[in-house]
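The values are calculated or read from the model by the stated rules, or taken from the named source; none is laboratory data. Predicted, not measured: the structure shown is a model, and the values here were computed from it. Note that each Cβ is placed from the backbone with ideal geometry, even for glycine, and that neighbours are counted across all protein chains shown.
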Amino acid sequence: MSGAAQVKPLDDRCPRCGGGFHCGVSDAGPCACTTVTLSAELQAQLRQRWSSCLCVRCLAALAGGAALEPGAQATRST
Ligand SMILES: [Zn+2]
């Protein structure tokens, strides 16, 4: 019958923490990620590592200086 356009689900999964989130980049309103300011250098690193969006929580953590990999500890006591 009518199989014109494939509707992509708007709900994504964050590749960093595995949590579900909604990327509003194609929404009419501004996405929540616009509230997070990332440096150009950090954005380039993210793009190299992941091809998709991250959730706002991870973006905020990264903007605050968190490690790219959530499992990797920045400071390790031996
Ligand atoms: Zn995340």
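Key figures for this structure:
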| read-out | value |
| --- | --- |
| Check on Cys58, buried (at least 17 other Cβ atoms within 10 Å of the Cβ), within 16 Å of the ligand (Cβ to nearest atom), modelled with pLDDT under 75 and part of a helix (DSSP H, G or I) | no |
| Some residue of segment 1-8 being out of contact with any His (no Cβ under 6 Å at 6 or more places or on another chain) and modelled with pLDDT of 75 or more | no |
| Residue count, segment 26-51 (criterion: within 15 Å of the ligand (Cβ to nearest atom), in a loop (DSSP other than H, G, I, E, B) and farther than 19 Å from Ala67 by Cβ) | 2 |
